[in-house]
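None of the figures in this text is laboratory data; all of them are computed from the coordinates on show. Predicted, not measured: the structure shown is a model, and the values here were computed from it. Neighbour counts are summed over all protein chains in view; Cβ atoms, including those assigned to glycine, are modelled from backbone coordinates with ideal geometry.
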Amino acid sequence: MPIANFTIYLFTMFGIYALFAMSLNLQVGYAGLVNFGQVAFFALGAYTSALLVVKAGLPIAVGIIAGMLASGFFGCLLAWPTKSLKSDYWAITTLAAGEVIRLFALNEKWLTEGPFGVMNIPQPLEGLIDKYYNIFYFIFVLIVVAVVYMLLSMLTDSPFGRNLKAIRDAEDLSKSLGKNTQKIKVQVMAIGGLVAGLAGAIFAHYMVYISPENFRPLETFLIWGMIIVGGRANNRGAILGAVVIQTFYVSTRFVGNYVPIGSDLMSAARMIVIGLLMVSFLIFRPEGLLRERKKTYPDEV
Amino acid sequence: MEISQIIVNSLIRGAELSLLAIGLTMVYDILGFANFAHTEFAAFGAFLGFTFNSLLGINLLLSVVLAALLTGLIGILLDLSIFEKLRARNAKTLTMMIITMGMGIAIRNISRLIWTSSTKNFPMPLLQPLKILGARITRVQLGILFIAAISMVAFHLLLHHTKFGKALRAISDNKELARASAIDSAKMVQWMWFVAYSYAVIGGTMLAIEHLLYPRLGFDIIIPVFCAAILGGIGNPYGAVLGALTLGFAENVIISLDFGPLFSLGGLFDVGSLQLSTGYKPAISFMILILVLLIKPTGILGEN
Amino acid sequence: MLKIENIEKSFGQLKAVNGVSLEIEKDDIFGLIGPNGSGKSTLFNIISGFYRKDKGEIYFDGERIDDLLPNQIVERGLCRTFQVSRAPERMTVLENMLLAAKNQVGENPLNALLKRPMVERSRKKNLKKAKELLSELDLFHLKDEYSGNLSGGQKKLLALGRIFMLEPKMVLLDEPTAGVNPTLTNNILKGMQNLREKTENSFFIVEHDMGVISDVCRKVFVLNSGEILAEGSPEEIQQNDKVLDAYLGRN
């Protein structure tokens, strides 16, 4: 059953990355806030949940929720100094924050076990479901993706979502219409953080083992690739991008079996393709595979 | 650590970062976007220089010059093939910035594909370091300071005594006007890329010579270089130099400080000596960056 | 209603606004004219909170507003338009109108998720109002067009439409008719007067076109080199020698 197992693994990863990509999409696609350190939120969710469950013995549900909250709080914290600044500053501060979180995980061995990582992370209901556990976990992830997709769509369709798009396209105008753009930016970083933290926590409990290696800047670039290829300001685009990029990323592992090329070079080649894909999409199809949908109001009045 | 040693280390670090920050700040000033591929090209150029020097046996200085020129040319080519078209299309600065991020990923991994991830050392003669006022400084480090000083004087002359420099300053002062004479400014923009990347390669090679050369070098210095540029007031090349020196000092002072007395609250508690773990050295520029953004986002030389 | 005292603002060496004081009363239309670079737009940017003044005080409805953020000033009922109309690229004309509506329940993300019926009700109400206003402004046929695709004049008309949705007490209009064809100019002026009659609010208009100013304004201020050169009725201004020298003489 290795192929079946692999397929289930791949689909579970689609789900986790779809959540991760949707969180970035909310910030970048809707609000135009360039976040180059999204992996920090993912890592915070993963570590918070894993450590609370492994070291403090708390229930997994509590761990996941705490992971979301920690990550959401970090979003607020990060938005604070930059909320009145241009997007260039967002880009660099988020990039740097991502590195600081990784350094923390690497250096604070008393808490995070440093480079050795956190092992034996419990999985939800693991004693109850034996044989088909990975199918169970996949269904669990699928349900979470569906719920998050629904909630995010409700948000982006609401006046809140409209405010985000206005900040993205014309921040001055939003201010002149009385919108508290700074507060909205903090809110959107918090919500993006919650979702990325959720993705991270689910990732940690799925992998059973996490270390700083899982949270390299590479992860941020991957989800950037996803929303650029899939399409921004469109949650379906983020999901499609997650599927496309993740399929490419995982499938190239098999190329190594047929082509005599080291794993390091393979991963370099893979990232070159993703980098070039980002550049080409932005030049030739900037809206991505699925474009932002025009919001119309059918005649109801 | 001796104060004189801190000064020497800071000067060297500041000199290296200056050469990198000048180009970043210039591109931001003229084209209005942050170039996230900047330091990646510096690392790429350092690899080129390494290849010329240790594989082809070309003299080190000549290798660096060749690498700087080549990388500068790549900068021009990328402007012609990508950025010029996007400018004509009035692409948003946000798009430009993300494109540079994608470009950075590609170039970093191209280095990895060509030269592999294993770290490299520039072959340097092992000589007894000199002692100046109690500070140890190697001949290589002296050379780095000397070349950095020459490069900066050259940059100043370039900016003030050449047609290119005058045009560049004119564009910087009045971007509306510059757009009206598009052809001239397009040429200037290409020269600017050339200068930016050439200088970045010199700075990047210095870092690689002093420490190590590896594909992630570019990514590892992106935060300090941005920090230097923002600290000095982004868009101002002289500010970038000042910012780089300030950051160089801040990093070295913070690393050598003993925070013990501070946390013992005047001897109330015995906490012994408390020094920042070197594992956090990369975080210093981040902390300084956040402080600058909170207190004065326009930088040391900037207006409010 | 709006009282400006001794406002100063410099950019580097350049003194853009140099000690301007003026007062705008309720329920009327006021004009501000002056040559290019006389500091009109800077003054508007200071009043609306987009620039920080160097010196001076601004009061609106008796409350000091010169330290407030732009959105706080709008909350107090003073709003503005821009000389070059901002038009979100990927938002439709109708979305633009809905964007401007005040105090929408669903602007709070938690409400947007939890108070769906309330959000729905406020949406219906705003939608109805937005559609009516668009018809009045002759923009209804464009309601599903991206605002980024509108012509300059249509963008200015849309800017006015957004102001209608916002229902402020006072509006600062920055060159509402500049570069707009005569038909649209007429629409804009008509819309402005309609709004004023309905809501009894006041307008403060920066204009280049003396014709427009004298048609609609009760009182006009003339700004030159960052200072108030003269003030009075349009007729008085047109006969003022200093004004003729500084401004009208050049046209």
(message) Give me the percent relative contact order of chain A, please, defined on Cα pairs under 8 angstrom at least 6 residues apart.
(response) 32
(request) Would you list the P(r) distribution for region B:3-218, with all Cα-Cα distances sorted into 10 Å bins from 0 and each bin expressed as a whole %? (result) 8, 32, 33, 19, 6, 1
(message) I'd like to know which of B:Val253, A:Ile239, C:Pro176 lies farthest towards the positive end of the charge dipole of the protein assembly as shown, counting +1 on Cβ of Lys and Arg and -1 on Cβ of Asp and Glu.
(response) A:Ile239
(message) Please report the antiparallel percentage of the DSSP beta bridges confined to the protein assembly as shown, to the nearest 5.
(response) 60
(request) Kindly express, to the nearest 10 degrees and within the range 0 to 90, the angle between helix C:182-199's C-alpha long axis and the longest C-alpha principal axis of chain C. (result) 80
(request) Once you've got the GNM for chain B with C-alpha springs shorter than 10 Å, pick whichever of B:Ala15, B:Ala34, B:Ala154 has the biggest mean-square fluctuation. (result) B:Ala154
(message) Tell me which of C:Ala112, C:Leu94, C:Leu133 sits at the most positive position along the dipole axis of region C:88-149, charges placed on C-beta atoms (Lys, Arg +1; Asp, Glu -1).
(response) C:Ala112
(message) What are the extents of the Cα atoms of chain C along their three principal axes, in Å, largest first?
(response) 61, 39, 33
(message) Amide H of C:Gly19 versus every other amide H placed in the peptide plane: which residues, excluding those fewer than 5 positions away on the same chain, fall under 5 Å?
(response) C:Ile7, C:Glu8, C:Lys9
(request) Could you run the Karplus curve 6.51 cos²θ - 1.76 cosθ + 1.60 with θ = phi - 60° over region A:250-260 and give me ³J(HN,Hα) per residue in whole Hz, x for Gly and Pro? (result) 6, 5, 5, 4, 6, 4, x, 6, 10, 9, x
(request) Would you kindly state the longest site-free stretch of chain C, with sites defined as GluC sites (Glu not before Pro) in a DSSP loop (not H, G, I, E, B) surrounded by at most 16 other Cβ atoms within 10 Å? (result) C:26-88
(request) Using only the Cα atoms of region A:191-301, each taken as one equal point scatterer with no solvent, compute I(q) by the Debye sum, divide by I(0), and report log10 of the ratio at q = 0.16, 0.17, 0.19, 0.20 Å⁻¹. (result) -0.87, -0.96, -1.12, -1.19
(request) May I ask for the distance between the Cα centers of region A:151-195 and region B:14-75, given as a whole number of Å? (result) 40
(request) Starting from the amide H of C:Ser233, placed 1.01 Å from N in the peptide plane, find each other amide H under 5 Å away whose residue is 5 or more places distant or on another chain. (result) C:Val220
(request) Express the relative contact order of chain C as a whole percentage, based on alpha carbon pairs under 8 Å and six or more residues apart in sequence. (result) 28
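Do any GluC sites (Glu not before Pro) in region A:56-135 lie in a DSSP loop with no more than 16 other beta carbon atoms within 10 Å, and if so, which?
The qualifying sites are A:Glu108, A:Glu126.
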(request) Measure nothing fancy, just the Cα-based angle from helix C:152-166's long axis to the longest principal axis of chain C, in degrees from 0 to 90, nearest 10. (result) 70
(message) Using Stokes-Einstein with the Kirkwood hydrodynamic radius over Cα pairs, what translational diffusion coefficient do you get for chain A at 10 °C and a viscosity of 1.306 mPa s, in µm²/s rounded to a whole number?
(response) 80
(request) Measure off 7 Å from each Cα along the Cα-to-Cβ vector at A:Asn5 and B:Asp173, then give the distance between these two points in nanometres to one decimal. (result) 7.1
(request) Fewest Cβ neighbours within 10 Å first, please rank B:Ile284, B:Ile147, A:Ile245, B:Ile132 accordingly. (result) B:Ile132, B:Ile147, B:Ile284, A:Ile245
(request) Using θ = phi - 60° and the Karplus relation 6.51 cos²θ - 1.76 cosθ + 1.60, list the HN-Hα couplings for region C:51-61 in order, rounded to whole Hz, with x at every Gly or Pro. (result) 10, 8, 6, 7, 8, x, 9, 10, 10, 10, 6
(request) Could you work out how far helix A:181-207 tilts from the main Cα principal axis of chain A, as a 0 to 90 degree angle to the nearest 10? (result) 20
(message) Taking the number of other C-beta atoms within 10 Å as the exposure measure, put C:Lys53, B:Lys131, B:Lys166, C:Lys219 in order starting with the fewest.
(response) B:Lys131, B:Lys166, C:Lys219, C:Lys53
(message) What number does region A:255-301 give for Rg over Rh if you use C-alpha atoms and the Kirkwood radius?
(response) 1.39
(message) Give me B:Asp173, C:Asp144 sorted ascending by neighbouring Cβ count inside 10 Å, so fewest comes first.
(response) B:Asp173, C:Asp144
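For region B:3-218, what relative contact order do you get, as a whole percent, if you take Cα pairs closer than 8 Å and at least 6 residues apart?
Details: 273 pairs, mean separation 98.7, N = 216.
Answer for region B:3-218 is 46 percent.
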(request) Compute log10 of I(q)/I(0) for the protein assembly as shown with the Debye formula, placing one identical point scatterer on every Cα and leaving out solvent, at q = 0.04, 0.06 Å⁻¹, to two decimals. (result) -0.20, -0.46
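Suppose we keep just the DSSP beta bridges with both residues in chain C; what percent of those would be antiparallel, to 5? Walk me through the numbers on the way to the answer.
On the way: 21 of 37 bridges.
So the antiparallel bridges in chain C amount to around 55 percent.
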(request) Amide H neighbours of C:Arg80 under 5 Å, at least 5 residues apart or on other chains, H built in the peptide plane: list them. (result) C:Leu172
(message) For a quick check, take a GNM of chain C with Cα springs below 10 Å and name the residue from C:Ala130, C:Ala112, C:Ala159 with the largest mean-square fluctuation.
(response) C:Ala112
(message) Just to check I understand the Karplus step: with θ = phi - 60° and J = 6.51 cos²θ - 1.76 cosθ + 1.60, what whole-Hz values come out for region C:119-130, glycine and proline as x?
(response) 4, 4, 4, 5, 5, 4, 4, 5, 5, 4, 4, 4
